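**Q** Please read through the structure below; I'll follow up with questions.
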Amino acid sequence: MAEAEFHVFRGDAKGGTLQPYKIQVEEGMVVLDAIHHIQAHGAPDLAVRWNCKAAKCGSCSAEVNGRPSLMCKTRLDSLPLEQPVVVRPMRSFPVIKDLVTDVSWNYEVNKKIPHFTPKKDAPWRWMQEDIDRVQEFRKCIECFLCQNVCHVIREHAMQPSFGGPRFFVRVAGLEMHPMDDANRTELLKDELGIGYCNITKCCTEVCPEDIHITDNAIIPLKERVVDEHYDPLRKVFKLLTGKK
Amino acid sequence: MNAARYETHDFDVLVIGAGGAGLRAAIEASAAGARTGVVCKSLLGKAHTVMAEGGVAAALAHVDAKDSWKVHFRDTMLGGKQLNHWRMAQLHAQEAPDRVRELEHWGAVFDRTPDGRILQRNFGGHSAPRLAHVGDRTGLEMIRTLQDHGVHQGFEVFMEVTVSRLLVEGGRVVGAFAYRRENGRFIVFRAKSVVLACGGVGKSFRITSNSWEYTGDGHALAYEAGAELIDMEFVQFHPTGMVWPPGVMGILVTEAVRGEGGVLRNSKGERFMEKYDPKRMELSTRDMVARAIYTEVKEGRGSPHGGAFLDISHKPADWVKKKLPSMYHQFMELADVDITKGPMEVGPTTHYIMGGVRVEPDTGASTVPGLYAAGETSGGMHGANRLGGNSLSDLLVFGRRAGLGAAEHAKSRSGQATIDLAQIEAAERAMLAPFERADGPSPYDIHAKLQETMQSLVGIFRVEEDLAAAIHEIARLKQEAARVRVLGSREFNPGWHLAIDLKAMLTCSEAIARSAQLRKESRGGHARLDFPKTEPEFGTKNTVVKKEGETMAVGQSPLPEMPAELRAIVDAELEAVKV
């Protein structure tokens, strides 16, 4: 059986180092299996989040050889094992310990978004094709990998005035729901700062659910914001009619 | 005791667990005016409900107009081999449609029928297409809907917090002692009512579809607080878990594969369900299908990695990807199998426990004042075997009822009880002792031994000498766990967390093994090789586990008797009910 070397970040908010561990490679093994093996054999306090082990819960996000990934679906046979596999926590969030980061900011952003608000007398009937695109957004498992790679967060730390791709996806799912009656464009423009996004598509690239975050969620939302808040003709129309 | 050593929070209702049942309970308790707190071991939205795939069972009658709560009730009772609490099965069948519609009103986006209503699919043991679903990620839809609705309802959420014991004063539950997984700091919750919605026990078995969280905390907390557990011998082995590669062994393959037309074959290419349940074939109940696959493998007709072949590739590839998207990706990415082109290999995996805290059906009240339970942590609803899809609906129906029951109870209490400091000190000592030992076994080793014991001795087929051996081994492991040593600090330390969780796992394992020993018959999820028949006299008895002093007492109590009008529904032919 082949052996693989792992270099795993061990440390906390104060700092840390990559520690070497050796494991025996089994057929079909994923990075999370390796981390669990390391835990059970020699590093019992190695901190890692996980739940489903089947890419459904979005808990085990980390950076494997520099690539933001879910550890439960990163196969060892997809990695060059002749060199050490480097596993680090997501870089954009403060480290709590080892591979566990403080993602609480995301939960605060989520609270800002008004929940689904059905139209009065909604008929509760709609066709499958009307919700295909909403269902795409609702596939999101909140792994926060998109937040982790977004430049606005990763390089510029704009968290206080920015929502991030995950929450643009959530808002898109609400705004494009055929029965929803709330308007969230003001929120997108001001509190969630959608204008900061310069559509580099890094989020789309790392999404384990293959959601077309930029093309299907962010760009249409940007268009709505522009239409409602920066279209001079519409502004006049609104003034005259009082309609939104 | 130095007050700074722990934080204190006061609530009317404390909900432990944030899966479907916990969140639904919290929403209802808040709506009833109770100041509510929710504790969860993981981040919000990651609870086990997120892994549910196939759907939520509710007699909406969108696809089959002849479906009704009566048919659903009858299916549930027959699937449970009539060991279900009739009142729970009745409430469940009657209220599930409203709970599903309510989810839609909170933003859930279910797949649609051609005329624009919620689509429903077939599932084992259901005699109508009944499962509202979203592809094969229904649990995600449900938990996200409850989460996103819930965060605006005013309850407070404590993420990554584990409760290690309930605080009891004068025979009444008055709070909980917990720790923050992130930094190991302690929390004392004072609460007028506590709702246990902690899920199940699967992590005591080696092959399981359950996550690390499923360590039986709710069952064990209730037991330690003096509540009764019923029917703990009934563990559901889901027929279809992945069997290869080794790292994914046990991961769930949704029953929706069979619901949508998937067929099971053995290595000889035979559609073997013809032998076991020719009428229902692949859509037989889970207990039957799991034993069929196990038997085929045991008798030498298994697939290369010790399972059966499950094939949906006769359906159009695009349709399969649309109906079963996560199965498609799961097999493609984890097992190099394209399910649109060839069969999957599947085998039984520990999935669910039917047994749990004995509750009063209408309110979720346990036998201990102030303590409530809902969802998988409670017992009675599913009898000896749960039908697929009946869990998600159970969470909604009884989560809501327990939240309401707990809120009502809280209103009847004038203030928070004074908690005896000795209890808190004892809880703290138990938590810290593993750090203070100079030597002792690793929690990972004890856990591995327990999993092997339960897997090999208390599994899908049971026999007296195995059960006796298991009980003996569990007792030995308990002694080992009492000496467990933890290395490292209190900062996010999985070894420490496991050492604490072990206690609950051992308690539940003992309860399962002892209950299995007492039930000398085969029924639903409990199959005895030495007592292969279903015995009528056991059909009128619940198995009861209760803590007496330091020992586990196991006995029986009479099954609540069903009213005549419901008995008539169960006993009638399907055609007479489905009108």
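**Q** Inspect all residues belonging to region B:451-464 and state whether any of them is among the charged types (D, E, K, R), within 20 Å of B:V554 (Cα to Cα) and more than 14 Å from every other protein chain (Cβ to nearest Cβ).
**A** The answer is yes, given that some residue of region B:451-464 is among the charged types (D, E, K, R), within 20 Å of B:V554 (Cα to Cα) and more than 14 Å from every other protein chain (Cβ to nearest Cβ).
**Q** Also: Among residues belonging to region B:100-150 that are of a type in the set (S, T, Y) and part of a loop (DSSP other than H, G, I, E, B), point out the one that is farthest from A:M179 (Cα to Cα).
**A** B:S127
**Q** Could you list, in sequence order, the residues of region B:166-187 that are crowded, with 21+ Cβ neighbours inside 10 Å and among the basic types (K, R)?
**A** To start, the set of residues in region B:166-187 that are crowded, with 21+ Cβ neighbours inside 10 Å comprises B:166-168, B:173-179, B:181.
Scanning region B:166-187 gives a single hit, B:R181.
**Q** What is the one condition in (1) over 23 Å from the mean Cα position of the chain (by Cα); (2) closer than 30 Å to B:G250 by Cα; (3) within 9 Å of chain A (Cβ to nearest Cβ) that B:A128 does not satisfy?
**A** (3)
**Q** What tally of residues in region B:366-393 results from selecting those that are closer than 14 Å to B:H219 by Cα, buried (at least 24 other Cβ atoms within 10 Å of the Cβ) and not polar (S, T, N, Q)? Reasoning before the result, please.
**A** Our first condition is that a residue be closer than 14 Å to B:H219 by Cα; within region B:366-393, this holds for B:366-368, B:371-380.
Those left that are additionally buried (at least 24 other Cβ atoms within 10 Å of the Cβ): B:366, B:371-380.
Going one step further and asking which of them are not polar (S, T, N, Q), we end up with B:371-376, B:379-380.
Here the count works out to 8.
**Q** Condition test on B:A427, is it crowded, with 16+ Cβ neighbours inside 10 Å, in contact with a Lys or Arg (Cβ under 8 Å, 6 or more places away or on another chain) and modelled with pLDDT under 95?
**A** Numbers: crowded, with 16+ Cβ neighbours inside 10 Å: yes; in contact with a Lys or Arg (Cβ under 8 Å, 6 or more places away or on another chain): yes; modelled with pLDDT under 95: no.
Judged against the criteria, B:A427 is not a match.
**Q** Here's a follow-up. Is at least one residue of region B:504-526 more than 17 Å from B:F234 (Cα to Cα), touching a residue at least 12 places away in the same chain (Cβ under 8 Å) and not small (G, A, S)?
**A** no
**Q** Does B:K546 count as over 30 Å from B:K66 (Cβ atoms), touching a residue at least 24 places away in the same chain (Cβ under 8 Å) and basic (K, R)?
**A** Taking the combined requirement at face value, the residue satisfies it.
**Q** Still on this structure, please answer the following. Can you give me the number of residues within region B:227-273 that are within 14 Å of chain A (Cβ to nearest Cβ) and under 30 Å from B:S557 (Cβ atoms)?
**A** Matching residues across region B:227-273 total 1.
**Q** Would you confirm whether or not region A:57-66 contains a residue that is of a type in the set (S, T, N, Q), on the phi < 0 side of the Ramachandran plot and within 8 Å of another protein chain (Cβ to nearest Cβ)?
**A** yes
**Q** Does A:E186 satisfy being surrounded by fewer than 24 Cβ atoms within 10 Å (Cβ to Cβ), among the acidic types (D, E) and in contact with a Ser or Thr (Cβ under 8 Å, 6 or more places away or on another chain)?
**A** Here the answer is no, as A:E186 does not meet what is asked.
**Q** Does any residue of region B:404-415 turn out to be of a type in the set (A, V, I, L, M, F, W, C), under 24 Å from B:G124 (Cβ atoms) and buried (at least 24 other Cβ atoms within 10 Å of the Cβ)? Can you show your working first?
**A** Applying the first criterion (of a type in the set (A, V, I, L, M, F, W, C)) to region B:404-415 yields B:404, B:406-407, B:410.
Now restrict to residues that are under 24 Å from B:G124 (Cβ atoms): none.
For region B:404-415, residues of a type in the set (A, V, I, L, M, F, W, C), under 24 Å from B:G124 (Cβ atoms) and buried (at least 24 other Cβ atoms within 10 Å of the Cβ): absent.
**Q** Another question about this same structure. Looking only at residues in region B:274-329 that are within 14 Å of chain A (Cβ to nearest Cβ) and hydrophobic (A, V, I, L, M, F, W, C), which one is farthest from B:T350 (Cα to Cα)?
**A** Restricting to residues being within 14 Å of chain A (Cβ to nearest Cβ) and hydrophobic (A, V, I, L, M, F, W, C), the top hit is B:W319.
**Q** Can I ask one more? Could you list, in sequence order, all residues of region A:67-87 that are more than 9 Å from every other protein chain (Cβ to nearest Cβ), buried (at least 19 other Cβ atoms within 10 Å of the Cβ) and in contact with a His (Cβ under 9 Å, 6 or more places away or on another chain)?
**A** Within region A:67-87, A:V85, A:V87 qualify.
**Q** Show the residue pairs meeting these rules: Cβ distance below 9 Å; 6+ apart or different chains; first residue within region B:98-118 and more than 16 Å from B:L396 (Cβ to Cβ); second residue among the β-branched types (V, I, T) and assigned to a helix (DSSP H, G or I).
**A** Once the first residue is more than 16 Å from B:L396 (Cβ to Cβ) and sits in region B:98-118, its partners that are among the β-branched types (V, I, T) and assigned to a helix (DSSP H, G or I) give B:V109/A:I131; B:V109/A:V134; B:V109/B:T145; B:D111/A:I131; B:R112/A:I131.
**Q** Going through B:Q455, B:Q479, B:Q416 one at a time, which residue ends up being in a helix (DSSP H, G or I), of a type in the set (S, T, N, Q) and over 30 Å from B:T534 (Cα atoms)?
**A** The conditions single out B:Q479.
**Q** Then there's this: For B:V346, work out the one condition from (1) in contact with a strand residue (DSSP E or B) (Cβ under 9 Å, 6 or more places away or on another chain); (2) assigned to a helix (DSSP H, G or I) it doesn't fulfil.
**A** The failed condition is (2).
**Q** All but one of (1) crowded, with 23+ Cβ neighbours inside 10 Å; (2) within 14 Å of chain A (Cβ to nearest Cβ); (3) not β-branched (V, I, T) hold for B:D98; which doesn't?
**A** Tallying (1) crowded, with 23+ Cβ neighbours inside 10 Å; (2) within 14 Å of chain A (Cβ to nearest Cβ); (3) not β-branched (V, I, T), B:D98 fails exactly one: (1).
**Q** Among the residues of region B:1-51, which ones are under 30 Å from B:A132 (Cα atoms), part of a loop (DSSP other than H, G, I, E, B) and touching a strand residue (DSSP E or B) at 6+ places or on another chain (Cβ under 9 Å)?
**A** B:G17, B:A18, B:A32, B:C40, B:K41, B:L44
**Q** Filter region A:91-108 for residues that are away from chain B (no Cβ under 11 Å), crowded, with 20+ Cβ neighbours inside 10 Å and either hydrophobic (A, V, I, L, M, F, W, C) or not in a loop (DSSP other than H, G, I, E, B) (or both) and give the result.
**A** A:F93
**Q** How do the strands (runs of 3 or more DSSP E) wholly within region A:1-90 filter down when requiring 3 or more residues that are over 30 Å from B:L140 (Cα atoms) and in contact (Cβ under 8 Å) with a residue 12 or more places away in the chain: which remain?
**A** So the answer is A:3-12, A:15-24.
The values are calculated or read from the model by the stated rules, or taken from the named source; none is laboratory data. Computed from a predicted model, the values in this text were never measured in an experiment. For neighbour counting, all protein chains shown are included, and Cβ atoms are generated from backbone atoms with ideal geometry for every residue, glycine included.
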